[in-house]
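As structure tokens, the structure follows; a few thoughts come after it.
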Amino acid sequence: KLFLNLVKQTDGLTRLIEDLRTLSLAESGHMPLHLEMTDVSKEVYAVADLMRPSLEEKGLSLVLRLDEITAICDGARIRQALLALLDNARRYAQPGIIMIASFETDTNFTITVEDEGPGIPSGIGGSLFNAFSRGDQSRSRDSGGTGLGLAVVQAIMKAHRGNATCGTSELGGAAFRLNVPK
């Protein structure tokens with residue numbers, strides 16, 4: 001039991017260090033991107049498959065509605081951003097559906113992650129992407145979040161010259177959108 005606890009704590013510290021490193025690189029304008037033709041849908045499926053078991057443990061089921069998208073981007077960073085959004089949903093969404101959708105236009109592609117609740121409290125949507133920002137302080141402490149995940153998501157989107165936004169989902173909860181120029 002002690003060994004498993006130590007492994008869990010080490011994993012948490014490793015994630016914290018990587019998140020701080022990513023934010024530091026982004027703030028200095030030196031976040032490395034490995035831009036190449038990427039099958040975005042394949043990257044989304046890979047993240048969904050990875051996260052499905054831990055989401056199901058929390059009573060969350062994934063629904064995917066993906067357009068086939070191929071674009072020049074950093075697939076590993078797109079996966080990192082999507083992982084952070086799904087981890088956020090795992091921590092804070094109530095049991096129900098998590099819907100991941102993707103679509104493209106002539107100029108960009110968008111990936112959305114929506115849940116059934118409880119949603120984002122009014123008035124804090126604009127600050128959620130700031131480092132160490134949390135929506136509900138007491139719940140965040142219990143869940144073990146660092147307050148860096150959404151800041152990392154925004155940093156990755158900005159490095160791609162895109163953005164991340166949040167709002168209210170048609171499902172009744174939170175809706176996060178990753179917008180990436182093609």
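The values are calculated or read from the model by the stated rules, or taken from the named source; none is laboratory data. Quick caveat: nothing in here was measured; it's all calculated off a predicted structure. What goes into the accessible areas is simple: the full protein's heavy atoms, side chains included, and nothing from ligands, DNA or RNA. Shrake-Rupley method; radii C 1.70, N 1.55, O 1.52, S 1.80 Å.
Tabulated values for the structure
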quantity	calculated
Probe 1.4 Å - accessible area at Leu66, Å² to nearest ten	30 Å²
Anchor Lys1: lysines whose Cα lies under 17 Å away (excluding residues fewer than 8 positions away in-chain)	none
For the stretch 62-106, the fraction of alpha-carbon pairs in successive 10 Å shells from zero, as %	22, 50, 25, 3
